[in-house]
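Read the structure below first, then the notes.
None of the figures in this text is laboratory data; all of them are computed from the coordinates on show. Computed from a predicted model, the values in this text were never measured in an experiment.
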């Protein structure tokens, strides 16, 4: 454990991380819902939730962008 009782970020990279504390949504769940999503609201709808405080919205937007890049990369590989 790190200082303050918190585990260091590098302790277990395979362990899921909460992105939206208000809705108890973890990175993997949000990442899966991000594929094909057009916006943050759509990701939350797919998870059956609504954004509350908004602090996670930039992180969810980054997950959407990463999913888009993954989807585009997969499409390019399939076309080859």
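Quick notes on this structure:
- Length gained when the stretch residue 52-residue 15 is fully extended (0.36 nm per residue, less Cα-Cα span): 10.9 nm
- Short-range pairs are left out: with C-alpha atoms under 8 Å and at least six residues apart, the relative contact order of the stretch 17-79 is 34 percent.
- Compactness check for the stretch 17-79: Cα Rg over 2.2 N^0.38 Å is 1.13.
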